[in-house]
Amino acid sequence: MSTAVQQKQYDIADIDLAERGRFRMQWAAKEMPVLDLLEERYKRERPFEGVRMAAAMHVTSETANLMCILIAGGAEIALCASNPLSTQDDIAAALVSYYEMPVFAIKGETTAQYNAHLNAALDTEPHLTMDDGMDLVAMLHTQRSSLLDGVVGGTEETTTGVIRLRAMAAQGKLAFPVIAVNDAMTKHFFDNRYGTGQSTLDGIIRATNVLMAGKTFVVGGYGWCSKGIAMRAKGMGANVIVTEVDPLRALEAVMDGFQVLPMSQAAKSGQIFCSATGDINVIDRHHMEQMQDGAILSNSGHFDVEINMKALEAMSTKITRVRDFLDEYALEDGRRIYVAGEGRLVNLAAAEGHPSAVMDMSFANQALAAEYLLKHSGEMSGNVYDMPEALDREIAALKLRAMGVEIDTLTAEQEAYLNEWTLGTAE
């Protein structure tokens with residue numbers, strides 16, 4: 001391991017949790033066959049030999065398995081949390097204890113600790129970054145810009161991070177190429193829809209233990225994440241209302257059978273709310289002023305900005321922790337509003353995040369994107385790039401193979417027909 005990586009060892013909650021974390025990693029790995037197939041190749045080819053990586057990600061059992069295959073490929077990685085509440089402390093301990101990996105992540109860490117951990121990961125002087133939300137890349141460009149010359153490129157895992165990166169690139173501020181892993185079909189189509197849909201409902205139920213059937217469930221937005229949330233809430237018997245600002249997505253929600261209303265109207269009848277837009281104050285003060293007593297608020301966007309928590313605190317006379325990851329806000333007019341997971345992404349704050357089977361494809365994208373950057377960095381500038389379609393299809397093919405699913409292939413005649421413009425109606 002390089003001198004840079006050895007500068008700091010780790011900062012985690014409890015090293016004695018390592019064995020439990022290792023068992024959970026092994027359990028998750030059973031549902032991650034694509035990473036298994038990549039690991040076989042990486043052990044042979046060692047594509048990351050001598051490459052230092054800094055990763056700011058949710059420290060979960062699935063992330064740990066990604067870290068392991070990168071290490072198998074020769075990488076030297078430092079891992080920190082991408083959210084103060086998303087770390088699984090036993091997983092952090094397992095990576096430190098069994099893989100001697102520098103990990104800087106503690107569930108419930110303060111903002112000061114969070115920033116210190118980002119800095120600790122950057123202390124390793126990385127060649128590649130892996131980010132989930134863009135906090136690592138933002139710090140690299142603002143506070144640690146002396147390290148930029150050594151960075152080959154980066155990858156971004158989530159919608160919020162891609163939005164921030166595109167804004168940064170548009171202003172000419174992005175110093176190296178970043179591949180938007182989030183926008184790969186095998187990521188946003190499966191991870192964002194099926195993963196977020198299931199894990200968000202899991203987080204809300206763990207935090208509240210409420211029955212979904214018969215409730216009025218308001219979903220903020222109708223992007224891929226919100227589509228999954230709406231679909232799963234409907235499947236559990238909830239009456240789903242969707243709010244949107246995009247007419248195309250709103251129309252799609254209507255055609256999918258959902259009621260579409262402005263949030264100001266939905267606020268009056270909603271009993272459970274969940275926003276997943278990547279924008280600020282989707283649930284704002286004037287919405288909360290109209291909510292009925294007992295309304296439950298949650299967020300499945302990356303940052304804790306979608307619910308205006310400062311406004312809610314200002315409206316409240318008392319805040320009480322009534323269950324793990326559920327706070328009651330008593331308002332001056334006698335109503336009570338409940339917030340799950342402190343307004344942070346509820347699927348990781350109150351539950352365990354996405355199922356391993358979908359993260360298998362998402363993290364295969366991360367690994368292949370990192371490999372692609374090393375091979376093609378000289379051809380790429382400081383911009384945001386789509387995941388190469390060929391790699392996206394390779395991941396889908398690997399997943400099908402692992403599932404035992406076979407598909408057709410085009411015949412030579414069919415290939416020729418698709419590439420010939422003169423052919424029309426058959427004679």
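If residue 106 satisfies every condition in (1) in a helix (DSSP H, G or I); (2) within 23 Å of residue 22 (Cβ to Cβ); (3) aliphatic (A, V, I, L, M) but one, which is the exception? That leaves (1) as the condition not met. Taking (1) at pLDDT 95 or above; (2) surrounded by 24 or more Cβ atoms within 10 Å (Cβ to Cβ) in turn, residue 143 satisfies each apart from (2). Selection within region 366-392: residues that are in contact with a helix residue (DSSP H, G or I) (Cβ under 7 Å, 6 or more places away or on another chain) and open to solvent by 50 Å² or more (accessible area, probe 1.4 Å). The member of this set that is farthest from residue 184 (Cα to Cα) is 383.
Of everything listed in (1) closer than 23 Å to residue 353 by Cβ; (2) hydrophobic (A, V, I, L, M, F, W, C); (3) in contact with a strand residue (DSSP E or B) (Cβ under 8 Å, 6 or more places away or on another chain), the single unmet condition for residue 152 is (1).
Among the residues of region 205-221, are any closer than 25 Å to residue 92 by Cβ, surrounded by 17 or more Cβ atoms within 10 Å (Cβ to Cβ) and at pLDDT below 95? First the steps, then the outcome.
Of all residues in region 205-221, those closer than 25 Å to residue 92 by Cβ come to 206-207.
Still in the list and also surrounded by 17 or more Cβ atoms within 10 Å (Cβ to Cβ): 206-207.
Now narrow it down to the ones that are at pLDDT below 95: none.
For region 205-221, residues closer than 25 Å to residue 92 by Cβ, surrounded by 17 or more Cβ atoms within 10 Å (Cβ to Cβ) and at pLDDT below 95: absent.
In this structure, is residue 233 surrounded by 15 or more Cβ atoms within 10 Å (Cβ to Cβ), closer than 17 Å to residue 337 by Cα and either without any contact (Cβ under 8 Å) to a residue 60 or more places away in the chain or assigned by the TED database to the domain that holds residue 84 (or both)? Show your work before the answer.
Numbers: surrounded by 15 or more Cβ atoms within 10 Å (Cβ to Cβ): yes; closer than 17 Å to residue 337 by Cα: no; either without any contact (Cβ under 8 Å) to a residue 60 or more places away in the chain or assigned by the TED database to the domain that holds residue 84 (or both): yes.
Judged against the criteria, residue 233 is not a match.
Output the residue which, of all residues in region 329-346 that are under 27 Å from residue 65 (Cβ atoms) and at pLDDT 95 or above, is nearest to the chain's Cα centre (by Cα). Break it down stepwise before answering.
Going residue by residue through region 329-346, those that are under 27 Å from residue 65 (Cβ atoms) are 341, 344-346.
Okay, now just the ones that are also at pLDDT 95 or above, so 341, 346.
Numbers: 341: 16, 346: 12 Å.
If we take residues in region 329-346 being under 27 Å from residue 65 (Cβ atoms) and at pLDDT 95 or above, then 346 is nearest to the chain's Cα centre (by Cα).
Of the helices (runs of 4 or more DSSP H) entirely within region 32-99, those holding at least 3 residues that are open to solvent by 40 Å² or more (accessible area, probe 1.4 Å) occupy 33-45, 89-99. Taking the criterion of being touching a helix residue (DSSP H, G or I) at 6+ places or on another chain (Cβ under 8 Å) and more than 21 Å from residue 143 (Cα to Cα), the residues of region 103-129 that qualify are 106, 107. Checking region 317-335 against the condition returns a match, with at least one residue being in the same structural domain as residue 272 (by the TED database), among the basic types (Lys, Arg) and either touching a residue at least 60 places away in the same chain (Cβ under 8 Å) or within 14 Å of residue 199 (Cα to Cα) (or both). Restricting 109, 19 to those that are open to solvent by 50 Å² or more (accessible area, probe 1.4 Å) and either over 30 Å from residue 397 (Cα atoms) or modelled with pLDDT of 95 or more (or both) reduces the list to 19. Hey, any hits in region 399-410 for a residue that's in contact (Cβ under 8 Å) with a residue 24 or more places away in the chain, within 23 Å of the chain's Cα centre (by Cα) and not assigned by the TED database to the domain that holds residue 206? Looking through region 399-410, at least one residue is in contact (Cβ under 8 Å) with a residue 24 or more places away in the chain, within 23 Å of the chain's Cα centre (by Cα) and not assigned by the TED database to the domain that holds residue 206.
Candidates in region 178-196 are the residues that are more than 12 Å from the chain's Cα centre (by Cα) and surrounded by fewer than 22 Cβ atoms within 10 Å (Cβ to Cβ); of these, the one that is farthest from residue 348 (Cα to Cα) is 185.
Of all residues in region 236-258, those being crowded, with 17+ Cβ neighbours inside 10 Å and in a loop (DSSP other than H, G, I, E, B) number 3.
The values are calculated or read from the model by the stated rules, or taken from the named source; none is laboratory data. Model, not experiment: these values are computed from the prediction. Backbone-built Cβ (ideal geometry, glycine too); neighbour counts: all protein chains shown. Ligands, DNA and RNA are excluded from the accessible area calculation, which covers all protein heavy atoms including side chains. Shrake-Rupley method; radii C 1.70, N 1.55, O 1.52, S 1.80 Å.
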